[in-house]
Each structure stands twice: as C-alpha cells, then as structure tokens.
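Each remark here refers to the structure printed beneath this line.
The values are calculated or read from the model by the stated rules, or taken from the named source; none is laboratory data. It should be emphasised that the depicted structure is a prediction, and the values quoted were computed from it without experimental measurement. Counting neighbours? That spans all protein chains shown, and the Cβs are built from the backbone with ideal geometry, glycine included. Keep in mind that these areas ignore ligands, DNA and RNA; they rest on the heavy atoms of the full protein, side chains included. Shrake-Rupley method; radii C 1.70, N 1.55, O 1.52, S 1.80 Å.
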Amino acid sequence: MSYDVIVVGAGPAGSIAAHDCAEAGLKTLLLEKFALPRDKPCGGAVMYRGLHLLRGNLPRHLIEQRIHGLRFVLPRSGDLDFRSDKMIAITVFRDRFDEYLARRAESAGAELRESSRVTRAFVEDDHAGVILSDSSAYNADFIVGADGVNTTVGTSLGLRPARKDLTRHGLGMESDFFVGRQGVIDAMHGDPTILELIPVKGKVSYGWIFPKKEHLAVGIAGAAVHMYPLKPMFDAFCKKVEKRTGQTLTLKKRRTYFLGADGVKRQNVSDRVILVGDAAGFVDPMMGEGIAYAMKSGEYAASTIVDALERGKHDREVLQSYQDQCVRDFRGNFQIAEWAGTRGTTFAEYILTKAAGYPMASEIMTMVARGEIGYSHIPATVISRLPKELPQLIRRFVQSKVSHPS
Ligand SMILES: Cc1cc2nc3c(=O)[nH]c(=O)nc-3n(C[C@H](O)[C@H](O)[C@H](O)COP(=O)(O)OP(=O)(O)OC[C@H]3O[C@@H](n4cnc5c(N)ncnc54)[C@H](O)[C@@H]3O)c2cc1C
C-alpha cells in the first residue's frame, strides 16, 4: 500500500500533522501502536499557544479546567501568583484529548490504524516505508516520526541514538487524584483556575498541582539523572501536597515517562523523513512543557511536506525549511529555559519575587503562554512597557525604602 505521507504515532504532534496533510488532500496514513483512547503520562496542561491551532473547535466536554494563572510555591517567599483575565491554558485528560485529535485527523480524511506498532522505518531512493510488528509494510513519499521520546522512526533511521542521555532527557512521574469539585477548589485555595508549580527541594526538578474538574493532577519531573529513586520522591511529594491542600490523595496508578530533549540542537530531517514533537525533542527544558510544541511542529511538518510534494522534491534540502522554522520559533524559548533552569530555585525565586505584584509581569506571562511573544522577547517587552509602569515602580521603591531604611 502506498501513501503520500505516513505519520507514525497519534499523539498531539502526529495527529495535527496527519490532519493538516489530509486536509490539504494528501493520501495520509496515521499509525498508532495502541488502541485509542490510550494512556499518556502527563500533567495535562495545554498552553493556549498550542490550543489556538484548533481554532476554538475543541469540544467543551474535553476541557477539564480553563486556566488563568500560575502560582509559584517558593521555599522562602511562599506563594507568588500571576493571574490574567485572558485564558492562558486548559487542563485535559490526555487519553480523551489525544483521541479527539486522532479522530479529527480521521475526519479530515486520514486513514487511522490503531494497534499498529511500527518496528522499523526505512528510506529508499524512490520511496520511504515502515514495517509493523505483524510484518505488514506500507510505503509513502514521506514519513513523519511522531512516535514520542523513544522514537522508533528516529532511531531506526539514525537520526537519534538508541540510548538516551540522562543528563539531558527529563523523567517524570504523575497521577490524577479524585477529590471532587469542592476538593479541587479547596486544594487550590479557592482558585481552581491556577496551575501550581512547586520546586522539589534539593533537586533540579519541580512538582505540580494542576486542577481538573474533580481531580488534581500531581506530579514531579526533572533531568532524569536527578530523578532517582523516582517512586519515593513522588510519594514524598504527594505527602507534601496532602499537607498543603488538606486533601487525602488516594493513589490509583503511578505513571512515569521520559521527556524529549535537545530538539533544536539536533537534525530532525533527512531525505523523505521529518521528526516532530517529543520524537524530535521539542520540550521546554525547564518546565517540561511539550504539548504546544508538539502541535506546532506537526503543523510545520505538514505544510513543509505539502510544499515539497507540490515541487516534486523529497530530499533533505527541501525539508530543511521545517528544521529552520522550528529553530526560529522554539530556540529562543528553549535556550532561556535551559539557562534559567540550570540556575536553580534561588535564581527563579529572585526573579519571581521581584516581578510579583506588577500587572506587567502577569501581562507578560500571559503573552508568553498565548504565544504572542517568546521568552527572548521579554526584556524588550519590559522596556517598551516601562513608561506605563513607572509610577508603580517608584511607589514600590519608596515603600521599600520607608519599610527598610538603609
Ligand atoms: C510526567 C509528564 C508530565 C508532562 N506534563 C505536561 C504538561 O502538563 N503539559 C505539557 O505541555 N507537556 C507535558 N509533558 C510533555 C508532553 O507529554 C509531551 O511533550 C507530548 O506528549 C508530546 O507529544 P507527541 O505527540 O510528540 O508524543 P506522544 O504524546 O508521546 O505521542 C506519541 C505517540 O506515538 C505512539 N507510538 C510510539 N511508538 C510507536 C510505534 N513504534 N508505532 C506506532 N505508534 C507509536 C505512542 O503510543 C503515542 O500515542 C509531560 C511529560 C511527562 C513525562
């Protein structure tokens, strides 16, 4: 069987890529190793930056909670809130959200095959192809490797090593805990529209409490080398969350997974092949946020392939525009996140404490979450807004001098 495009993996990256290819009229096959809905270890916070690709069409019942702010729970300064009138994210259950995206691709015309595990990808002069665990084979002009952090497409074609660098890849453990609607409201101190981020003491990692309708998503993640022993670390974090929220967390299932890394530093294209999402490593190295980047890279991959087919070209040079687009769009954010992440909680606490209380700080957080600016545009945005903020800056400076005269 031959296709224009075979997309391997029906996570957010693959389903967006398959949807856009099918919508553009390409004969598209979307292969997923599990039957849908399938589980995916994840906090389930989808930043608006990714969400807006769905053009407001996400069914309401998939939205667990609309999110309007971030709360940093810091060792010395306590809780620092950054709120916005605008929505910055939603929380979802990944099994349902991902299934919706896969069925959306199917509705656009992609052929979706579930329970279809790819064991190898290959590239010949005049086509590319995949072999499945049942030995069936499919050919196409292009392969999109959207098969997550353990990418079979990437490793079998030599774009990624078989062994992960545990100093670069993240590792996380999480669970959803049922506490009921009132439990969620109480746990989030009356504001269930906020995501809580909590550094895990002594480690280069952080924990989270994300509100859903009737559940709390609780988890920890960090560079894999710092995440051992993972289970006791997670259980200790859950105890801390119980104390903080006053809720009893009854564990049903711990879920663990690696996070992608180094997406903009590595080659993500070769002849007839593009890697997207976690397979490419498009994950924020500080926050572990990857869904929006997965969706964006899926969109970029599809438009690159549509263009390449129109030009009748299949080589790495023509796909390089995908690589360049991802680097242009993601590198600024990833570089700054990595730089800030390696400076640890003391640095984060210093910056966040200085920023808290200024409307401008919440405004900038909102712009970043909504994809209106990247991290690297923050300094210029601050400078452009300074005249408006000046009266408050002077007021705070004077107040600090009055309360702490030198
Ligand atoms: C603990 C944890 C918490 C996280 N929390 C958040 C969060 O709150 N917000 C956020 O933005 N990001 C979060 N992330 C990151 C986020 O989950 C990923 O970045 C995102 O899922 C990447 O999407 P993807 O489509 O690239 O890959 P995936 O979602 O991993 O999808 C890959 C798909 O490919 C399929 N597949 C794999 N191998 C094969 C094969 N051989 N053949 C066929 N199919 C295959 C898989 O079954 C899967 O469906 C978290 C990650 C972890 C580990």
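Residue check: Phe258 meets all listed conditions (1) open to solvent by less than 10 Å² (accessible area, probe 1.4 Å); (2) of a type in the set (A, V, I, L, M, F, W, C); (3) assigned to a strand (DSSP E or B) but one, namely (1). Scanning region 261-300 for residues that are more than 10 Å from the chain's Cα centre (by Cα), near the ligand (Cβ under 8 Å from one of its atoms) and either assigned to a loop (DSSP other than H, G, I, E, B) or more than 16 Å from Asp147 (Cβ to Cβ) (or both) yields a single hit, Val276.
Each row is one residue, and each column tells you yes or no for (1) within 12 Å of the ligand (Cβ to nearest atom); (2) in a helix (DSSP H, G or I); (3) aromatic (Phe, Trp, Tyr).
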residue	(1), (2), (3)
Ala10	yes, no, no
Ser15	yes, yes, no
His19	no, yes, no
Ala22	no, yes, no
Gly25	no, no, no
Arg38	yes, no, no
Pro41	yes, no, no
His52	no, yes, no
Gly56	no, no, no
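In region 56-93, which residues are open to solvent by less than 20 Å² (accessible area, probe 1.4 Å) and charged (D, E, K, R)? Of everything in region 56-93, those that are open to solvent by less than 20 Å² (accessible area, probe 1.4 Å) and charged (D, E, K, R) turn out to be Glu64, Arg71. Of the strands (runs of 3 or more DSSP E) lying entirely inside region 94-199, not one contains at least 3 residues that are buried (at least 16 other Cβ atoms within 10 Å of the Cβ) and without any contact (Cβ under 8 Å) to a residue 60 or more places away in the chain.
Taken across region 211-223, residues that are at pLDDT below 95, within 26 Å of Gly148 (Cα to Cα), out of contact with any Phe, Trp or Tyr (no Cβ under 8 Å at 6 or more places or on another chain) and open to solvent by 10 Å² or more (accessible area, probe 1.4 Å) do occur, with at least one present.
Just one of the listed residues (Lys239, Lys252, Lys231) is in contact (Cβ under 8 Å) with a residue 40 or more places away in the chain, outside any loop (DSSP other than H, G, I, E, B) and more than 22 Å from the chain's Cα centre (by Cα), and it is Lys231.
What tally of residues in region 321-355 results from selecting those that are under 21 Å from Ala292 (Cα atoms) and surrounded by 14 or more Cβ atoms within 10 Å (Cβ to Cβ)? Break it down stepwise before answering.
Restricting attention to region 321-355, the residues satisfying the condition of being under 21 Å from Ala292 (Cα atoms) are 321-341.
Restricting the remaining residues to those that are surrounded by 14 or more Cβ atoms within 10 Å (Cβ to Cβ) gives 321-323, 325-327, 329-338, 340-341.
Qualifying residue count for the region: 18.
All conditions in (1) within 26 Å of Gly288 (Cα to Cα); (2) more than 10 Å from the ligand (Cβ to nearest atom); (3) out of contact with any Pro (no Cβ under 9 Å at 6 or more places or on another chain); (4) polar (S, T, N, Q) hold for Gln65, with the sole exception of (3). In the set (1) under 16 Å from Ile16 (Cα atoms); (2) part of a loop (DSSP other than H, G, I, E, B); (3) open to solvent by 60 Å² or more (accessible area, probe 1.4 Å), the condition left unmet by Ser303 is number (2).
Entry remark, region 137-183: residues being more than 16 Å from the ligand (Cβ to nearest atom) and among the β-branched types (Val, Ile, Thr) number 2 in total. Look at (1) free of Cβ contacts under 8 Å to residues at least 40 places away in the same chain; (2) closer than 27 Å to Ser384 by Cα; (3) surrounded by fewer than 17 Cβ atoms within 10 Å (Cβ to Cβ) and you find that Tyr358 fails only one, number (3).
Those residues that are touching a Leu at 6+ places or on another chain (Cβ under 9 Å), more than 16 Å from Met287 (Cβ to Cβ) and of a type in the set (Ser, Thr, Tyr), I need them from region 338-361; list them, please. Scanning region 338-361 gives Thr353, Tyr358. Kindly evaluate Glu363 against the criterion of being open to solvent by less than 80 Å² (accessible area, probe 1.4 Å) and at pLDDT below 80. Criteria not met by Glu363.
Please determine whether any residue of region 201-208 is crowded, with 18+ Cβ neighbours inside 10 Å, more than 11 Å from the ligand (Cβ to nearest atom) and at pLDDT 95 or above. No, there is no match, as no residue in region 201-208 is crowded, with 18+ Cβ neighbours inside 10 Å, more than 11 Å from the ligand (Cβ to nearest atom) and at pLDDT 95 or above. Under the condition of being open to solvent by 90 Å² or more (accessible area, probe 1.4 Å) and either farther than 20 Å from Glu196 by Cα or in contact with a His (Cβ under 8 Å, 6 or more places away or on another chain) (or both), the residues counted in region 226-255 number 4.
Applying the criterion of being in a strand (DSSP E or B) and touching a residue at least 60 places away in the same chain (Cβ under 8 Å) to the residues of region 80-93, the residue that is nearest to Phe347 (Cα to Cα) is Leu80.
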